[in-house]
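To start, the structure under review is shown below, and the notes come after it.
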């Protein structure tokens, strides 16, 4: 179970590390190829999902559709970093016993499903990798460098290591 917590923490920390080096103008710049989205938009989306999850842990019901969608988090990397740090610390603070607790999750279709906190952390880590891969594209498009493992799932990194 600890691995699931640390996987989410690692994904958030990786995102924090990349954002630290992104200038504000690049963070908020939209790219038409991706429907006028931006690095900031994808970061805000990830934050919204973690925030919805953490709120759900408190109340016993997660609704990923009820997101804040703050424009400030899309345009200001410093604000996004603050919020990511809060999410990371709160996930680090989840007790081992909490990870196995059941939680209701409301889907976009309005159907309520039973899950558990560990399963939702796995989902969030995967969701973060997906958006990190898109952010990697934005950075490459802008001519910026990032860690060679940023935006890749742990299984992909292991597979590539075994292939070399």
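Label positions at residue 65 and residue 24, each projected 7 Å from the Cα along the C-beta direction, are separated by 3.6 nm. Under a 10 Å cutoff between Cα atoms, tell me which one of 30, 20, 114 has the largest fluctuation in the Gaussian network model of the chain. Between 30, 20, 114, it is 114 that shows the largest mean-square fluctuation. For percent of Cα pairs over 28 Å apart, the value computed from the atomic coordinates appears in the list (1) 59; (2) 17; (3) 22 under label (3).
For the chain, take the longest principal axis of its alpha carbons; what is the angle in degrees between that and the long axis of helix 77-92, to the nearest 10 within 0 to 90? The answer is roughly 30 degrees. The angle separating the long axis of helix 2-20 from the principal Cα axis of greatest extent in the chain is about 30 degrees. Sequence-distant contacts, meaning Cα pairs under 8 Å at least 6 residues apart, place the relative contact order of the chain at 27 percent. The modelled label-to-label distance between residue 161 and residue 147, using points 7 Å beyond Cα along the C-beta direction, is 1.3 nm.
Its DSSP H runs of at least 4 residues, each contributing -39,500 (n - 2.57), put the calculated 222 nm mean residue ellipticity of the chain at -20500 deg cm²/dmol, to the nearest 500.
Projected label points at residue 13 and residue 100, each 7 Å from Cα along the beta carbon direction, are separated by 2.6 nanometres.
Coordinate-derived values only; no laboratory data. Remember, it's a predicted structure, so these values are computed and weren't measured experimentally. When we count neighbours, we look across all protein chains shown, and the Cβ atoms used for this are built from the backbone with ideal geometry, even at glycine.
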